[in-house]
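**Student:** Submitted below is the structure of interest, expressed as structure tokens.
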Amino acid sequence: MENRMRALLSLAAIVACALTAQAQDDAALELHLDFESDEAADVSGNGRDGAVVGAPTVVPGVVGDAWEFDGGLQIDLNDQLFKDPDRELSVRVWLLPSDLDTMRTIYDEGGAWTGFTVRIMDGALEFATVCCDAAHPPPEVISVDYTGGDEWAEVAAVFGQGQMLLYVNGLVVGEQATDWAELGGHGQAAGIGNISPGDTAFGGGGGFYVGLMDEFRVYSRMLDAEELSLSVDPMASDMVTMWARVRAATTPTTW
Ligand SMILES: [Ca+2]
Ligand SMILES: [Ca+2]
């Protein structure tokens with residue numbers, strides 16, 4: 001029995017190592033704020049540290065620590081990446097909002113000509129993209145009821161190939177086709193917890209997010225449901241994925 005427990009622990013360690021290696025090897029991971037200190041340090045390896053406006057409170061989170069956003073806190077992301085065209089763009093973040101009323105901006109990149117914005121609006125979780133016209137064309141919007149509840153949830157907004165998808169805990173909660181295949185370059189960079197300067201993909205301004213936030217990541221590719229489900233139910237799904245990889249690597253032809 002003891003041996004079996006030891007073997008299981010070893011296996012868990014192998015899976016954890018494989019996942020860590022996989023995450024670090026993801027060339028499309030452009031930004032990762034883990035909120036382990038009171039600085040918006042980018043731990044993706046790309047050096048895109050954010051500029052903190054306000055004073056975060058560091059609290060226990062989903063992975064290590066998280067930040068409490070008090071309604072006067074935001075992170076400005078000024079790297080050129082956040083102004084460049086986006087053929088594919090995904091953001092994922094763990095949220096535990098404490099205020100779902102009015103407008104609570106989670107992520108805003110670009111603006112009302114060309115942009116990508118995720119927010120809470122009067123009890124709904126909303127995701128908008130717009131492109132690429134100075135006449136401010138109508139955005140494409142996904143809006144779903146969001147109760148928030150008392151538990152952390154991982155929200156992901158995915159854009160690419162003329163498609164938008166909104167996920168909560170690895171499940172698609174909204175889908176929308178777009179007329180634009182990509183988001184063009186934009187003068188406004190990005191912000192977390194409120195808008196980047198100017199306006200949003202929804203067309204108007206923004207508002208401060210209130211509540212907890214952890215593990216904010218930006219990718220230059222479309223995340224899929226399977227990988228998003230891993231962080232919600234890691235052992236179950238990872239074991240399947242892990243075994244599939246092992247078998248694929250060790251089995252020369254068919255099985
Ligand atoms: Ca963390
Ligand atoms: Ca903006």
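Taken together, the values in this text are just the output of simple stated rules run on the coordinates, not laboratory data. Since the model is a prediction, treat every value here as computed from it, not as a measurement. Glycine also receives a Cβ, built like all others from the backbone with ideal geometry; neighbour counts cover every protein chain displayed.
**Student:** I need to check one value: relative contact order of the range 28-234, counting alpha carbon pairs closer than 8 Å and at least 6 residues apart, in percent.
**Tutor:** Values: 619 pairs, mean separation 62.3, N = 207.
After rounding, I find 30 percent.
**Student:** Can you classify the range 68-181 as rounded, prolate or oblate using the Cα gyration tensor, where a ≥ b ≥ c are the square roots of its eigenvalues, rounded means a/c under 1.5, and otherwise it's prolate if a/b beats b/c and oblate if not?
**Tutor:** Here the range 68-181 falls in the prolate category.
**Student:** Another question, if that's okay. What distance in nm separates the simple spin-label points at residue 28 and residue 151, each placed 7 Å from Cα in the Cβ direction?
**Tutor:** 2.8
**Student:** List 90, 98, 231 from most exposed to least, where exposure is judged by having the fewest other Cβ atoms within 10 Å. Numbers along the way, then the final one.
**Tutor:** Details: 90 25, 98 15, 231 19.
Going from least to most buried by this count: 98, 231, 90.
**Student:** Still on this model: How high is the relative contact order of the range 70-124, in percent, counting Cα pairs under 8 Å that sit 6 or more residues apart? List each step's numbers first, then the result.
**Tutor:** Numbers: 44 pairs, mean separation 16.0, N = 55.
Contact order relative to length: 29 percent.
**Student:** Within a 10 angstrom radius of the beta carbon, how do 215, 151, 175 rank from fewest other beta carbons to most? If you can, show how the numbers build up before the last one.
**Tutor:** Numbers: 215 21, 151 7, 175 11.
The fewest-first ordering by Cβ neighbours comes to 151, 175, 215.
**Student:** Now for a different question. List the relative contact order of the range 141-206 as a percent without decimals, with contacts defined as Cα pairs under 8 Å and 6+ residues apart.
**Tutor:** 22
**Student:** Between the range 161-238 and the range 69-96, what is the C-alpha centre distance in whole Å?
**Tutor:** 9
**Student:** Could you line up 48, 104 from fewest to most neighbouring Cβ atoms inside 10 Å?
**Tutor:** Arranged by neighbour count, lowest to highest, 48, 104 become 48, 104.
**Student:** Also: In nm, to one decimal, how far is the residue 58 label point from the residue 163 one, both placed 7 Å along Cα→Cβ?
**Tutor:** Going from the residue 58 label point to the residue 163 one covers 4.0 nm.
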